[in-house]
Amino acid sequence: MSGCDRERARCEAALEGFFEVAQSWEFELAWKLCWLEKDFADAGWKGGPPDPPPPGWQRFTLVHSGEDDPRHDAIRARPPQGCEVDESDGCFTLHCERPGGRLLDVVAATCAEIRDEHGLMMSGLGADGPGERGALNVGRRLLMAADRGRHVGYSVDDLARFLRAAGGADDAGA
């Protein structure tokens, strides 16, 4: 094998690795754009952005991924104040507009109310407006962790301890 052939083989190997990384990045980007597009469509952005909620109010969508759960009936009959049930997409969904200063605080209170009154852990958080996109992403992942963590043996305390340790909180050992 000549020097030129060796150099060509080395370049081809490097390019092959580059293309593998690019394909993985392309998939991740497409996946994220798909979810962003779904958030906008779910939020009614087809005809333009919705009006923002009034000052001091938060607008969000909670989703429960379980199908035909008997606990849905009680919530259908008496949804949390400021929330409306919507099952048009085949998911049990609550569109909510509730008072509160920070999105995650209002979402947490609403989820706790649903859990305490109906024994139902909401498993997803969608967007209903242009609001706090970062808070929506954090909230969505925290709800997913709370829901999925219990299925694999992690308690709420385990998850909170993880967040304190990973986030660098002073009380990480608590």
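The values are calculated or read from the model by the stated rules, or taken from the named source; none is laboratory data. Small disclaimer: the values here were computed from a predicted structure and weren't measured. When we count neighbours, we look across all protein chains shown, and the Cβ atoms used for this are built from the backbone with ideal geometry, even at glycine. Please note that ligands, DNA and RNA were not included when accessible areas were found on the heavy atoms of the full protein model with its side chains. Shrake-Rupley method; radii C 1.70, N 1.55, O 1.52, S 1.80 Å.
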Response to the item:
Across (1) basic (Lys, Arg); (2) within 14 Å of VAL63 (Cα to Cα); (3) part of a strand (DSSP E or B), ARG98 clears everything bar (2)
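Is there a residue in the range 117-125 that is under 21 Å from GLU67 (Cα atoms), assigned to a helix (DSSP H, G or I) and modelled with pLDDT of 80 or more? Give the steps one after another, and end with the answer.
Of the range 117-125, the ones under 21 Å from GLU67 (Cα atoms) are 117-125.
Now restrict to residues that are assigned to a helix (DSSP H, G or I): 117-118.
If we keep only those that are modelled with pLDDT of 80 or more as well, we get 117-118.
Checking the range 117-125: at least one residue is under 21 Å from GLU67 (Cα atoms), assigned to a helix (DSSP H, G or I) and modelled with pLDDT of 80 or more.
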Discussion item. Out of everything in the range 68-114 that is hydroxyl-bearing (Ser, Thr, Tyr) and more than 18 Å from ALA135 (Cα to Cα), what residue ends up being modelled with the highest pLDDT?
Written reply: THR93
Worksheet item: Which one of these is open to solvent by less than 50 Å² (accessible area, probe 1.4 Å), part of a helix (DSSP H, G or I) and among the hydroxyl-bearing types (Ser, Thr, Tyr): THR93, THR110?
Response: THR110
Item to complete: Six or more apart or on different chains, Cβ under 6 Å: which pairs go from a residue in the range 53-77 that's assigned to a helix (DSSP H, G or I) to one that's buried (at least 19 other Cβ atoms within 10 Å of the Cβ) and among the aromatic types (Phe, Trp, Tyr)? Could you list them?
Response: HIS72/PHE92
Practice prompt. Considering every residue within the range 130-141, establish whether at least one is part of a helix (DSSP H, G or I), open to solvent by 60 Å² or more (accessible area, probe 1.4 Å) and at pLDDT 85 or above.
Written response: no
Fill in: Flag if GLY124 is open to solvent by less than 40 Å² (accessible area, probe 1.4 Å), touching a helix residue (DSSP H, G or I) at 6+ places or on another chain (Cβ under 8 Å), of a type outside the set (Ser, Thr, Tyr) and free of Cβ contacts under 8 Å to residues at least 24 places away in the same chain
no
